[in-house]
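The values are calculated or read from the model by the stated rules, or taken from the named source; none is laboratory data. Source: prediction; values computed, not measured. Positions of Cβ are backbone-derived with ideal geometry, glycine not excepted, and every protein chain shown enters the neighbour counts.
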Amino acid sequence: MLAAMKPTALDIIREEHQALAAMLRSLVLLLAQARRESRLPDFNVLRAMLFYVDEFPEALHHPKESELLFPRLRERCPELAPVMARLDDDHRKGEREVRALQHALLAFELLGEPRRAAFERAAEGYVAAYLEHMAIEEREILPAARRVLGADDCQALDTAFAANRDPLTGHAAEAEFAPLFQRILLAAPAPIGLGPPG
Ligand SMILES: [Fe+2]
Ligand SMILES: [Fe+2]
């Protein structure tokens, strides 16, 4: 009975948050490490990280929340509508914000030192806002979903999530992103990733 109240769909959202949070925190750590050692960061790794953060949530994560979970939860918890409106708004703005950050990274890479501080500031602001977004979902949305969604809802949500993984629906499959995630992990220097110390 308890197991039925803990749908896999909600666990998948949490797992994706953890992977994204690890990527975002690593990005900030890499920048701090490069500054401490008075050298330029590994731009290949940073570019791959931002590409991943740009592509993965847009293709896989946000649609699960905005299209599948939120509409169900809105029916059961109308009092959470303003929170979900704010989160939907973040989802809509996400692509524009990460593109701006990618541009700031390119400026740092091509113009060098004079653009380092601007990119660091932009990256820290972006990461803080993203982590806060996920924290709100973990604090207010997921517990409410576990509380109010019945077994039927959970079943329907799991089925919808399974369909959402199908590339035929227009959403990319996890398998598409897994090799990129692994490559970033291998390229990022220890202790962040698995590569040689930076
Ligand atoms: Fe979200
Ligand atoms: Fe999320």
For the range 18-57, the count of residues that are within 15 Å of ligand 2 (Cβ to nearest atom) and more than 17 Å from the chain's Cα centre (by Cα) equals 0
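To keep it simple, each residue is scored yes or no on (1) among the hydrophobic types (A, V, I, L, M, F, W, C); (2) modelled with pLDDT under 95; (3) not in a helix (DSSP H, G or I).
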position: 80; (1), (2), (3): yes, no, no
position: 85; (1), (2), (3): yes, no, no
position: 89; (1), (2), (3): no, no, no
position: 94; (1), (2), (3): no, yes, no
position: 103; (1), (2), (3): no, no, no
position: 107; (1), (2), (3): yes, no, no
When the range 117-133 is checked residue by residue, the ones that are over 22 Å from residue 22 (Cα atoms) and in contact (Cβ under 8 Å) with a residue 12 or more places away in the chain are 118
Per the filter on the range 123-137, residues buried (at least 19 other Cβ atoms within 10 Å of the Cβ) and more than 11 Å from ligand 2 (Cβ to nearest atom) are 123, 126, 127
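Rundown of residues vs (1) over 28 Å from residue 118 (Cα atoms); (2) within 16 Å of ligand 1 (Cβ to nearest atom); (3) of a type in the set (Phe, Trp, Tyr), yes/no style:
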site	(1), (2), (3)
17	no, yes, no
24	no, yes, no
32	no, no, no
48	no, no, no
54	no, yes, no
75	yes, no, no
Selection from the range 43-66 of residues farther than 18 Å from residue 184 by Cα and either in contact (Cβ under 8 Å) with a residue 60 or more places away in the chain or in contact with a Phe, Trp or Tyr (Cβ under 7 Å, 6 or more places away or on another chain) (or both) yields 59, 60, 63, 64, 65
Checked pairs for the range 7-21, first more than 18 Å from residue 158 (Cα to Cα), second among the aromatic types (Phe, Trp, Tyr) and crowded, with 20+ Cβ neighbours inside 10 Å, C-beta under 8 Å and 6 or more apart or across chains, list as 20/56; 20/130
Could you check, for the range 81-96, whether at least one of its residues is away from ligand 2 (no atom under 14 Å from the Cβ), surrounded by 18 or more Cβ atoms within 10 Å (Cβ to Cβ) and of a type outside the set (A, V, I, L, M, F, W, C)? no
Pairing a residue in the range 134-151 that is within 13 Å of ligand 1 (Cβ to nearest atom) with any residue that is outside any helix (DSSP H, G or I), where Cβ atoms lie under 6 Å and the two sit 6 or more apart in sequence or on different chains, gives none
In the range 70-107, residues that are more than 19 Å from residue 145 (Cβ to Cβ) and touching a residue at least 40 places away in the same chain (Cβ under 8 Å) total 6
